[in-house]
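This report concerns only the one structure given below.
The values are calculated or read from the model by the stated rules, or taken from the named source; none is laboratory data. Because the structure is a prediction, the values reported are computed rather than measured. Every residue, glycine among them, receives a Cβ derived from its backbone with ideal geometry; neighbour counts consider all protein chains shown.
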Amino acid sequence: MTGQPLLSVKDLRVEFPSRRGVLTAIDGISFDLREGEVLGVVGESGAGKSLTGTAVIGLLEPPGRIAGGEIRLKGERIDNLPPAAMRKLRGKRIGMVFQDPLTSLNPLFTIGDQIIETIMTHLPVSERQARDRAVALLEEVGIPAAGQRLSAYPHQFSGGMRQRVVIALALCAEPELVIADEPTTALDVSVQSQIIRLLQRVCRDHGTAVMLITHDMGVIAETADRVAVMYSGRIAEIGPVRDVIKSPSHPYTIGLMGAIPSLTGDHDRLTQIPGSMPRLDSIPTGCAFNPRCALTMDRCRVERPDLIPAGESQAACWKLLESEEASR
Amino acid sequence: MLAFTIRRLLQAVLVMLVVALISFTLFRFVGDPVNQMVGVETTPEQREALRERLGLNDPVLVQFGRFITKAARFDFGTSYQFRQPVAELIGRRLPATLELSFVSAVLALLVGIPMGVYTGLHRDSWLSKLFLSISLIGISLPTFFIGILLIFVFAVTLQWLPSFGRGGVVQLGWWSTGLLTWSGIKALILPAITLGLFQMTLIMRLVRSEMLEVIRTDYIKFARARGLRERSINFRHALKNTLVPVITITGLQLGSIIAFAIITETVFQWPGMGLLFLQAVQNVDIPIMAAYLMLIAFLFVTINLIVDLLYFRVDPRLRVERAAH
Amino acid sequence: MTTVTDKTPDRQEPAAPGRIARVLDSDIFHSFWRSKVTVLSAFITLLFIIGAAFAPWLAPHNPFDLATISILDARLPPIGMEYHDPSYLLGTDDQGRDVFSGILYGARISLAVGFLSVFFAAVVGVLLGLIAGYVGGKVDAIIMRIAEVQLTFPAILIALLVDGVARALVGNLDRERYAFWILVFSIALSFWVQFARTVRGSTLVERNKEYVQAARLIGIPPFLIMIRHVLPNVIGPVLVIATINLGLAVITEATLSFLGVGIPPTQPSLGTLVRIGNDFLFSGEWWIAMFPGCALAILVLAVNLLGDWLRDALNPKLR
């Protein structure tokens with residue numbers, strides 16, 4: 001990795017104080033994102049992938065809070081910015097696409113209102129210019145008759161169309177990074193791939209980096225350059241998509257790959273990972289995956305593994321160290 | 001939109017008919033009207049003649065029809081206690097009640113909504129907690145006791161404001177207003193606060209809880225994620241979404257303000273219809289009770305109609321869905 | 001909650017603490033003790049209930065016993081003011097009746113009217129709600145229409161009307177004898193709607209569940225099943241509505257009595273006491289109205305705070 005990364009997250013910890021003690025939802029994760037790169041973040045629900053996104057854009061809901069580590073955007077620390085500065089950065093430098101397009105648009109305002117307001121908040125343009133820009137953006141995301149649709153209300157659009165509007169909204173001030181939090185989960189299967197391709201195309205055209213949060217390994221395989229697999233608030237494995245998919249190193253990733261049905265391939269039974277992810281208040285010591293792992297060793301139950309290089313990628317598993325030593 | 005309006009109008013008419021039926025039943029069957037109108041020495045023949053003349057021997061449906069047609073012309077017969085036409089009695093008292101109710105409602109809205117927005121946005125600030133405590137006390141204090149407290153402090157102890165009556169009144173056609181004289185305005189202050197306080201706390205708590213709800217929605221989160229200005233998020237995007245329920249409840253509240261005026265008018269001896277109605281209840285003056293009931297129902301129905309139409313202004317979703325029907 | 005002292009084989013239910021222990025560990029219980037305001041309001045409410053229930057034994061004087069009251073003791077100020085009489089803690093009214101005892105007896109009547117009317121409103125409302133939700137169709141439409149029309153009228157107005165009708169029916173003199181029950185009836189009548197609406201909603205949800213259909217197939221009267229399954233579901237909301245309505249019922253009773261259409265002065269409730277005292281406000285005897293009024297306000301405030309807490313505790317989503 002050469003040059004300065006666009007986004008750099010180091011040892012990020014997110015905590016939720018609760019009546020029964022502090023829950024650690026994200027426990028020391030680190031990753032980098034280069035300009036124009038698409039990073040996929042996968043994991044089961046509750047693994048902390050959405051929280052990572054909200055932490056980066058500074059929208060953690062109290063009582064959730066960043067308890068440690070740092071987040072840098074082009075080298076500049078953004079996790080401790082004052083609220084006003086962070087507000088200016090949101091939308092302008094980091095955009096976000098939410099999961100459900102049906103609920104992420106304000107029902108009482110026309111989409112024109114919403115786009116123009118966002119543009120004028122961040123860019124020094126006149127209302128006339130903002131309007132032209134809005135029309136151009138809507139055309140770019142594939143809304144037909146964009147000029148007339150400016151005065152339409154969100155409920156007059158279908159789900160897929162609304163998600164296009166949401167993407168236009170996220171991109172309207174030319175951010176360097178877009179965080180897309182499960183952008184297709186709430187959509188019909190038939191439009192999911194259209195939206196994913198649209199997001200990919202538009203971001204490539206604008207040179208925008210994407211942090212694509214999803215639980216769908218298929219989407220990642222199709223879209224991302226690199227992927228981070230999250231488990232129980234930690235990164236289990238991170239690396240180039242091809243590597244991770246072709247030769248996953250972490251037992252959890254291997255399990256995940258076993259769980260994708262393949263259209264072309266063999267008719268093997270889909271493998272399933274036994275058990276389920278631990279709740280936040282009962283994360284086991286050592287490797288969080290150890291109770292479900294077929295290869296658990298004594299060390300896994302006591303000591304937490306760090307990311308260990310495995311080919312092009314890195315994985316947090318003691319087995320790797322063992323095989324490395326064995327091959328030496 | 002038109003179809004919707006017509007349907008609402010029909011519903012309103014239906015409600016009015018039901019209320020008219022209740023009023024009529026009161027009027028006709030609770031206490032014999034003839035007994036109320038004649039003395040002890042009246043002979044049975046005279047009574048019978050009066051019954052015939054009043055149409056009390058006609059079929060009930062005919063009587064009900066007559067009651068409604070008369071009611072539509074504001075003819076509710078003669079008060080038993082005052083021996084005067086009910087419509088005239090009420091007409092004379094109406095302006096006092098409406099003025100009081102209107103001023104209270106405006107007060108409740110102007111103070112309640114900003115307080116609600118503030119407490120919704122700054123949940124944990126000490127000022128919010130203070131507002132909330134005050135509102136709880138406001139809800140727990142019975143209206144009449146608020147009035148008495150205010151009288152005790154501002155009229156008896158400090159002697160700043162009058163404790164009863166309307167003060168100087170100016171006649172504008174058939175409407176009498178106290179808003180044009182200084183003494184009239186001074187007389188209005190305490191009753192208006194008394195009447196408005198309860199509604200104000202209700203509106204404040206409603207706006208607050210709606211605000212809390214709206215602020216959690218995805219579209220507000222998305223607005224934040226787009227870096228919109230805090231003020232625009234709170235006062236444009238969030239507030240507008242709280243308005244639909246607020247309009248509903250406020251509409252209902254405005255109606256109940258007019259009814260609650262009974263209490264305030266009693267405490268402050270305010271010469272409005274509430275006081276008239278209370279005297280009617282105590283003296284079993286059925287025509288006044290019936291007329292008051294009809295009038296209140298009419299005001300309610302009108303307010304509800306206006307509220308429903310206001311929805312269309314606020315919520316674009318309704319416009320389309322209704323049109324599609 | 002329990003500590004394991006020795007490892008006897010007798011460990012059959014390790015994860016099943018008793019019912020009481022579960023209640024003690026529940027979130028509701030914790031949120032109760034955590035909120036000082038709630039504990040205080042519960043304490044005050046309890047104090048009022050005890051004071052009201054045992055008024056004849058607790059009150060220093062009997063305000064209704066004409067033999068013990070003397071007009072010579074009339075309008076004595078409360079303790080701490082000039083000319084006070086130490087046996088009258090909060091002073092006396094125009095008849096020489098002890099204000100403090102009057103409050104105890106008054107709270108008795110206020111609370112009785114409040115509890116009874118809310119109880120009847122809840123019974124009627126829950127039943128009608130169950131019927132409306134379960135039977136559906138025309139019955140549902142009629143019940144809910146009535147509810148809607150009634151909702152447009154404030155409780156106080158309905159209660160006043162019922163009172164007016166009652167006067168017309170039984171005559172002004174007899175009314176005093178029945179005043180208590182007329183009041184209970186008219187307040188209950190104006191409060192049932194909220195219960196009915198809540199229960200109807202839950203019933204509608206429950207009715208369409210499969211086990212109800214299944215029960216019908218086996219031949220169990222589904223209505224019984226409904227009651228068994230719907231009631232537990234709505235007990236929380238019904239409790240919240242009941243608590244909040246208790247405060248409202250006490251206010252309504254007091255208001256009606258203050259307006260002179262409620263409890264007659266021979267058996268004064270808190271509202272009646274304020275009405276009596278109101279006449280003496282201008283002549284300087286403020287305590288006759290103020291103490292009963294403050295007692296009323298504190299009682300209602302405490303009940304409302306309890307209701308607020310209950311609503312939040314049972315519905316964490318709203319917080």
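Data for the structure
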{"quantity": "Test set (1) under 26 Å from the mean Cα position of the chain (by Cα); (2) under 30 Å from B:VAL267 (Cα atoms) - C:PRO232 fails condition number", "calculated": "(2)"}
{"quantity": "Filtered residues of segment B:277-297 (kept if away from chain C (no Cβ under 11 Å) and closer than 18 Å to C:PRO154 by Cα)", "calculated": "B:ALA291, B:MET294, B:LEU295"}
{"quantity": "Every residue from segment C:280-307 that is without any contact (Cβ under 8 Å) to a residue 12 or more places away in the chain and over 19 Å from C:ARG108 (Cα atoms)", "calculated": "C:LEU281, C:PHE282, C:SER283, C:GLY284, C:TRP286"}
{"quantity": "Filtered residues of segment A:235-252 (kept if over 14 Å from the mean Cα position of the chain (by Cα) and either under 15 Å from A:ILE26 (Cα atoms) or in a strand (DSSP E or B) (or both))", "calculated": "A:ALA236, A:GLU237, A:GLY239, A:PRO240"}
{"quantity": "Cβ pairs under 9 Å, 6+ apart, first in segment A:81-105 and within 17 Å of B:SER232 (Cβ to Cβ) and more than 8 Å from every other protein chain (Cβ to nearest Cβ), second crowded, with 24+ Cβ neighbours inside 10 Å and aromatic (Phe, Trp, Tyr)", "calculated": "none"}
{"quantity": "Where C:ALA179 falls short, out of the listed (1) in contact (Cβ under 8 Å) with a residue 12 or more places away in the chain; (2) among the aliphatic types (A, V, I, L, M); (3) in contact with a helix residue (DSSP H, G or I) (Cβ under 6 Å, 6 or more places away or on another chain)", "calculated": "(3)"}
{"quantity": "Residues satisfying the stated conditions in segment B:155-187, i.e. of a type in the set (A, V, I, L, M, F, W, C), out of contact with any helix residue (DSSP H, G or I) (no Cβ under 6 Å at 6 or more places or on another chain) and either surrounded by 23 or more Cβ atoms within 10 Å (Cβ to Cβ) or under 28 Å from B:SER133 (Cβ atoms) (or both)", "calculated": "B:ALA155, B:VAL156, B:LEU158, B:ALA187"}
{"quantity": "Test result for B:ASP315, charged (D, E, K, R) and under 19 Å from the mean Cα position of the chain (by Cα)", "calculated": "no"}
{"quantity": "Selection count, segment B:123-145, where residues are among the charged types (D, E, K, R) and loosely packed, with under 13 Cβ neighbours inside 10 Å", "calculated": "1"}
{"quantity": "Flag if B:VAL307 is without any contact (Cβ under 8 Å) to a residue 12 or more places away in the chain, away from chain A (no Cβ under 14 Å) and in a helix (DSSP H, G or I)", "calculated": "no"}
{"quantity": "Extreme residue, surrounded by the fewest Cβ atoms within 10 Å (Cβ to Cβ), among residues of segment C:48-69 that are β-branched (Val, Ile, Thr) and at pLDDT 70 or above", "calculated": "C:ILE50"}
{"quantity": "Candidate set from segment A:115-136 (those that are within 8 Å of chain B (Cβ to nearest Cβ) and under 11 Å from A:LEU169 (Cα atoms)); member that is nearest to the chain's Cα centre (by Cα)", "calculated": "A:THR118"}
{"quantity": "Single match in C:LEU239, C:LEU306, C:LEU259 (criterion: within 11 Å of another protein chain (Cβ to nearest Cβ) and under 30 Å from B:LEU206 (Cβ atoms))", "calculated": "C:LEU259"}
{"quantity": "Some residue of segment B:260-271 being part of a helix (DSSP H, G or I), of a type in the set (D, E, K, R) and under 25 Å from A:GLY112 (Cβ atoms)", "calculated": "no"}
{"quantity": "Output for segment B:70-93, where each listed residue is more than 16 Å from B:VAL281 (Cα to Cα) and in contact with a Leu (Cβ under 8 Å, 6 or more places away or on another chain)", "calculated": "B:ARG93"}
{"quantity": "Residue ranges of strands (runs of 3 or more DSSP E) in segment A:1-104 with at least 1 members among the basic types (Lys, Arg)", "calculated": "A:7-18, A:65-73"}
{"quantity": "Any hit, segment C:188-199, residues being within 12 Å of chain B (Cβ to nearest Cβ) and modelled with pLDDT under 85", "calculated": "yes"}
{"quantity": "Selected residue (criterion: farthest from A:GLN192 (Cα to Cα)) from residues of segment A:215-243 that are surrounded by fewer than 22 Cβ atoms within 10 Å (Cβ to Cβ) and among the acidic types (Asp, Glu)", "calculated": "A:ASP243"}
{"quantity": "Within segment B:222-264, considering residues that are within 13 Å of chain A (Cβ to nearest Cβ) and of a type in the set (Gly, Ala, Ser), the one surrounded by the most Cβ atoms within 10 Å (Cβ to Cβ)", "calculated": "B:ALA223"}
{"quantity": "Residue match in segment C:296-315 (condition: part of a helix (DSSP H, G or I), touching a Ser or Thr at 6+ places or on another chain (Cβ under 8 Å) and either under 17 Å from B:THR266 (Cβ atoms) or of a type in the set (Ser, Thr, Tyr) (or both))", "calculated": "yes"}
{"quantity": "Exclusive hit being part of a helix (DSSP H, G or I), within 18 Å of B:ILE22 (Cβ to Cβ) and of a type in the set (Lys, Arg), set C:ARG145, C:ARG177", "calculated": "C:ARG145"}
{"quantity": "Members of segment B:41-77 found to be of a type in the set (Ser, Thr, Tyr) and either in a loop (DSSP other than H, G, I, E, B) or surrounded by 13 or more Cβ atoms within 10 Å (Cβ to Cβ) (or both), listed by number", "calculated": "B:THR42, B:THR43"}
{"quantity": "Condition check for C:ALA313: surrounded by 22 or more Cβ atoms within 10 Å (Cβ to Cβ) and over 22 Å from C:PHE180 (Cβ atoms)", "calculated": "no"}
